[in-house]
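What follows is a set of notes on a single structure, which appears directly below.
The values are calculated or read from the model by the stated rules, or taken from the named source; none is laboratory data. A quick note: this is a predicted structure, and the numbers were derived from the prediction, not measured. Using ideal geometry, Cβ is built from the backbone for each residue, glycine included, and neighbour counts are taken over all protein chains shown.
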Amino acid sequence: SLQEASALFGVATADVRTLPEALRSGTTALRVARGHDADVDALVDEVRGDTDSEARAKSARLDCELGVALADHRLVKDEWEVGQLQRAVDATVRGFGDVAAALPQARDTSERFVEGTFFLRARVEGNDVGYGTIAASGSNATTLHWTRNDGAVREGDLLLLDAGVETTTLYTADVTRTMPISGTFTDLQRKVYDLVYAAQEAGIAAVAPGRPFGDFHKAAQRVLAEGLVEWGLLEGPVERVLELGLQRRYTLHGTGHMLGLDVHDCAVARQEAHLYGELEAGMVLTVEPGLYFQPDDLTVPEELRGIGVRIEDDVLVTEEGRTVMSAALPRSAAEVEAWLAERLSRA
Ligand code: GLY
Ligand code: MN
């Protein structure tokens, strides 16, 4: 109800049906968070009555400022929000456990069985999934946002699952695990996994209050670049590789983003407060390095082609450093194998 929303969020509320009258009765300062309610957007346009392109541009600028201000305010989560995010993460951890136990049935069907299994958990414990589940087996993992999820789940391949439960209060988790469908990594899969894991460890260690936001990305990219040079995929020295960003052919994306009501939360926040700002206690972000070798990439040895690995956890910046909110989910290769063995024995 309006009263509940007002008490919960500490803001004045009113019936949206009274909005036309309120706006038409004269308002000195008017901004709208666009894209949430088409009727409200249209009403604001009507009340403003902008007749020329200059006036329209000014209104658009004002609305944009509101969007930026809202994103700025959301950068640091309060205790209640952190609690909501932890609930989302905990339900997500259970959803990943459901998927691990369901791998035999997924092998008989398709990636859709993985998506559907996770979705059941999301609907029972939350509102929905926070974004389209990526259930990518085999070389589908090298397509970044593989959400078709109609591929086969084959023994011997890896399954990359990137999924998050969204709470009824609309906060979402964003977690990725890459698991061997057979229960055991091959030596080669493990080699790739271990490098991504080492990069994630370095990234997580660089999350601390007062550190520039970009540090965790740089720390993870350095580890990946060092590994790629050591394997002979890229020609060193590592400093040159990093300067030119040569590793990006195989890393494809940044190492993480803010998390909250949106999966890519606060994306429009002021750059000086976010991308070029410093981490602060109460911020929540993902740390998600990956390596992806396209099936047709002739720059890598044939045996690596079609392997894609990402490991993603949700991390809260604390006064002391950080807390990995998704730590209940196994992360190292050995832990993942032990967890799969345990889950599969229950299946
Ligand atoms: N979980 C999808 C993404 O971060 O883009
Ligand atoms: Mn993510």
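Structural remarks
- Residue 115 within 14 Å of ligand 1 (Cβ to nearest atom) and either surrounded by fewer than 17 Cβ atoms within 10 Å (Cβ to Cβ) or not in a loop (DSSP other than H, G, I, E, B) (or both): yes
Matching residues to (1) over 27 Å from residue 267 (Cβ atoms); (2) surrounded by fewer than 11 Cβ atoms within 10 Å (Cβ to Cβ):
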position	(1), (2)
22	yes, no
31	no, no
38	no, yes
41	no, no
54	yes, yes
61	no, yes
66	no, no
69	no, no
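- The single condition from (1) away from ligand 2 (no atom under 16 Å from the Cβ); (2) aliphatic (A, V, I, L, M); (3) not in a loop (DSSP other than H, G, I, E, B) that residue 234 fails is (3).
- Being in contact with a Pro (Cβ under 7 Å, 6 or more places away or on another chain) and either surrounded by 19 or more Cβ atoms within 10 Å (Cβ to Cβ) or at pLDDT 95 or above (or both) holds for only one residue in 110, 139, and it is 139.
- Residues in region 168-217 that are part of a loop (DSSP other than H, G, I, E, B) and closer than 30 Å to residue 303 by Cβ: 181, 182, 183, 184, 185, 186.
- Qualifying residue in region 191-200 (condition: within 16 Å of ligand 2 (Cβ to nearest atom), out of contact with any Cys (no Cβ under 6 Å at 6 or more places or on another chain), within 29 Å of residue 284 (Cα to Cα) and not β-branched (Val, Ile, Thr)): yes
- Residues that are more than 16 Å from ligand 2 (Cβ to nearest atom), closer than 25 Å to residue 204 by Cβ, surrounded by 17 or more Cβ atoms within 10 Å (Cβ to Cβ) and not aliphatic (A, V, I, L, M) within region 285-323 comprise 293, 322, listed in sequence order.
- Considering region 237-277, and only residues there that are among the charged types (D, E, K, R) and assigned to a loop (DSSP other than H, G, I, E, B), the residue that is farthest from ligand 2 (Cβ to nearest atom) turns out to be 272.
- Among the residues listed as 125, 166, the single one being in contact with a helix residue (DSSP H, G or I) (Cβ under 7 Å, 6 or more places away or on another chain) and away from ligand 1 (no atom under 16 Å from the Cβ): 125
- Selected residue (criterion: farthest from residue 272 (Cα to Cα)) from residues of region 42-63 that are under 29 Å from the mean Cα position of the chain (by Cα) and free of Cβ contacts under 8 Å to residues at least 12 places away in the same chain: 60
- Taking every residue in region 134-159 that is within 15 Å of ligand 1 (Cβ to nearest atom) and pairing it with any residue that is among the acidic types (Asp, Glu), at least 6 positions away or on another chain, the pairs with Cβ-Cβ distances below 6 Å are 134/162; 135/111; 135/115; 149/111; 149/115.
- Count of residues meeting criterion [over 14 Å from residue 316 (Cα atoms) and either more than 16 Å from ligand 1 (Cβ to nearest atom) or not charged (D, E, K, R) (or both)] in region 256-277: 15
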